[in-house]
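Structure first, then comments.
The values are calculated or read from the model by the stated rules, or taken from the named source; none is laboratory data. It should be emphasised that the depicted structure is a prediction, and the values quoted were computed from it without experimental measurement. Cβ placement follows ideal geometry from the backbone for every residue including glycine, while neighbour counts extend to all protein chains displayed. For the accessible areas, the whole protein counts, side chains as well, though only heavy atoms, and no ligand, DNA or RNA atoms are used. Shrake-Rupley method; radii C 1.70, N 1.55, O 1.52, S 1.80 Å.
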Amino acid sequence: TMFTSSIHRSTILNHRRHIFFHRRPHLSSLSSFQCGIPFHTLHPCFQATTRRGPPSPPRLQIFNRQVHHKNRIFASNVSGDSGTSFTPYDYLREEVSQNIVERLSYIMREFENVCEVGSGRGWIYGLLTGSGKEEGLLLGEELAESDQSTQSGPIFHRWSMQEYMILDQCEKNLQNIQDVEGLSVARVLANEERLPLLDKSFDLVISGHYLHYINDLEGVFQQMSDALRPDGCFIGAMLGGNSLHELKSCFVWAENEREGGISPHISPMVGIRDVGNLMASAGFNLPTVDSDEITVVYPDAFTLLKHLQLMGESNAIMNKRPGISKETLLATAALYDELFYDEKLGGVPATFEIIYMIGWKPHENQPKPKARGSAEFSLKSFAEEMESDLQEIDDKDSLAKEPIIGEDDDESDESDDEGLHVGK
């Protein structure tokens, strides 16, 4: 059974606030990154090419992975505050990472072997392995010492993790991720479209930042499902199709007016229904998909374009135009300011739709739907009974509101009789 819901929570983020708003410190010193040693000699969960080689590249190429890789390298060179994995332009990553950790905290399970695909600077890793109390989350030994394991609220059992594999295609990001005492951390330099993972190796797979640049999304879901053990969990997030709809419309209008045609300037993204269908076809049980809309306010359109570039979210479509004319760019910015500028917010809004997904590797102990025809009560008859009961209630309410005929006349006669009696 697939549950798909759309939660439109309008979260307004002011990018100026996030420039100096970082509270996710790392703990330990930087670990050594064994770049020259084959990873299969370092970790048993690596997919050896002699056993079963990595999957072939997808036939349909929508995104240019080399261009996307260059964009991520460019974003990795942006310096941030010391002691934190977030830069002034990682406010969306921070919001998504917090939401993923919050969703994980409500799953009362222990995950010993964890794999994060597309870790980036280690945003989710830093939140999961960080010590201390943050926004009501009790992490690590602090929860054990507080003896509040039965309390209500988000709790993530960090101390249950024994191995944490971080997979990313940017070497600098892997080098900057710090080790945590008591946790075995492995780093893998690989392409997210061809996961070098053994089957049934992990209890939890996380991917929260780069799924919207995958060409074969169903194939990657299948690889993640194969890497999970029975009853293992996959949780991820990606940008949805409603993201940057303001910028898309302005590009279309400006380019059509200036050049007499249109071309894609923003990467295509999937919808929430498509994500649920792809997860179900990839073999995940009990897929749960929801969406969250985040509105970020920028001073103007040029600031938005600059932030997208520094996030590593520049256009990476195959066979895209080599550039855009100055007139079209100025017309796009002018349209954006004219159509979407909000005086109350003090800038132009940009919408980002974040699609969150959770799926489970099939297991015999998971809830299963009943066989067709095994129901003991008909929903049709239940609906008919409910309709008749509601009709009876409506009839009683209508009778209670109608005045009784002759009631006013009787009362007036009684009052007259009483008046005559008093007069006598």
Query - Any hit, the stretch 274-290, residues being touching a strand residue (DSSP E or B) at 6+ places or on another chain (Cβ under 6 Å), among the polar types (S, T, N, Q) and over 19 Å from LEU335 (Cα atoms) - result: yes
Query raised in the report: Could we say that GLN391 is polar (S, T, N, Q) and either open to solvent by 30 Å² or more (accessible area, probe 1.4 Å) or touching a Lys or Arg at 6+ places or on another chain (Cβ under 6 Å) (or both) here?
Result: yes
Query raised in the report: Do we have VAL252 as under 24 Å from LEU104 (Cβ atoms) and not hydroxyl-bearing (Ser, Thr, Tyr) here?
Result: no
Report task. Being at pLDDT 90 or above and within 18 Å of ASN256 (Cα to Cα) narrows it down to one of TYR341, TYR336, so name that one. Result -> TYR336
**Report entry** Positions within the stretch 243-267 being at pLDDT 90 or above and open to solvent by 70 Å² or more (accessible area, probe 1.4 Å), in sequence order
**Finding:** HIS245, TRP253
**Report entry** Those residues of the stretch 206-234 which are open to solvent by less than 10 Å² (accessible area, probe 1.4 Å) and either modelled with pLDDT under 90 or under 20 Å from ASP168 (Cβ atoms) (or both), in sequence order
**Finding:** ILE206, SER207, GLY208, HIS209, LEU211, TYR213, VAL220, PHE221, MET224, ALA227, LEU228, PHE234
